[in-house]
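Below: the structure, in structure tokens.
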Amino acid sequence: MVREKIINYLATYSFSLKTNKLLTGLIQAILKSNPVETLKYLLLQTYERIEKILNQSDMFILNDHKGDPELTWCLILFSELVGAHGDTLIIYKSMILSIFHRCIHIIHKDSYKAMAKAAKNLLKSLSYVYPIDYRLTVENITEPFTDFLPIRAWGQYVEYDKLNVKFHIPNEEEINFACEFVETFMYLELKMLNEKCTKMSNDERLRSLTLIHHIAIGCLRMVPRIESKEVQNLVSSIVPYDSKIQAQYSLYVKEPKFKENLRMHLLIDIGNLIDHLIAYHSDDASSIKIALKIYSLSSMYYGTFEQNINKLCNDL
């Protein structure tokens, strides 16, 4: 009953950006507790609201720098909803792609940031391995508080093997969806930058690079490293870096396949773009900064991202 009221509240009203963190935290909580039912109602309602807003505005709203508060909120809500478990998103594939196709070129800053975040969250949900049930107690936490109060389990020792932690392992459908998404939208943006970079305004260029950056964060874990000759005579290290030591196993049921190695494609295209920006648009510092971030992402293969470490530290 409480969850239904919360979902109805989120789906019906529009909220200012000042309440963003509070409400997105609420969405994440109900998604984690019951993703199937939450998506069934809330994603459908969000999709219908976005379609209605776009149809009533004859798409002019996409080119309005001032933006539309209701549309912006719907896109923020959408960006959180696609962070649900990857297997629960598959049945909404056409709906999700439709929203991206219609809103991907929106020029309002908060709105395109929401779309970029949605792209990252979607790809992480589809392609990452992550725990989906990791309660740190063996007690039945669904019991009434009169029988079990969760706070009493805090700090108690529990054998790890008895916790039965469940993980999300991407299946074939999820990998195919992720690859299709990347090839549809990543290459589209790269092509646009290559062909129209000089004619684009600073805002349009920044929108495109922001989207590419978030897609890269979401998908590069699926892309194999760039094959090259091993550098000889490196300084000795305590941690072995020899290719024989590197992990050779895959996390996926089906190996992701792209038209080409996306890392190399990004290095070439973004490298050329950086040269062009420095030569002809040196005043566009924001775009240059994002382009440099994308360029550095292409070389990351092992370990995790800096922002994930920072988030972990903050959570602790």
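Counted by neighbouring Cβ atoms within 10 Å, the residues GLU195, GLU159, GLU37 run from fewest to most as GLU159, GLU195, GLU37.
The mean sequence separation of alpha-carbon pairs under 8 Å and at least six residues apart, normalised by the residue count of segment 33-167, gives a relative contact order of 25 percent. Amide H contacts for TYR130 (H built 1.01 Å from N in the peptide plane; partners 5 or more residues away or on another chain; cut-off under 5 Å): HIS168.
Based on the Kirkwood radius over alpha-carbon pairs, what is the Stokes-Einstein translational diffusion coefficient of segment 108-220 at 4 °C with 1.567 mPa s viscosity, in µm²/s? Can you show the working numbers first?
Values: Rh = 17.4 Å.
Approximately 74 µm²/s, per Stokes-Einstein.
Residue ranges 59-67, 266-274 sort as 266-274, 59-67 when ordered by packing (mean number of other C-beta atoms within 10 Å per residue, highest first). Among residues other than SER125 with Cβ under 14 Å from its Cβ, the summed charge is +2 (Lys and Arg +1, Asp and Glu -1).
By counting other Cβ atoms within 10 Å of each Cβ, how are ASP161, ASP275, ASP284 ranked from fewest to most? Intermediate values should be presented prior to the final figure.
Working: ASP161 7, ASP275 10, ASP284 20.
Lowest to highest Cβ neighbour count: ASP161, ASP275, ASP284.
Can you order the peptides 118-130, 102-114 by their average number of other Cβ atoms within 10 Å per residue, highest first?
Values: 118-130: 22.1, 102-114: 20.2.
Averaged packing, sorted descending, gives the order 118-130, 102-114.
Since every read-out is calculated from the coordinates, none of them should be taken as a lab result. Computed from a predicted model, the values in this text were never measured in an experiment. Glycine also receives a Cβ, built like all others from the backbone with ideal geometry; neighbour counts cover every protein chain displayed.
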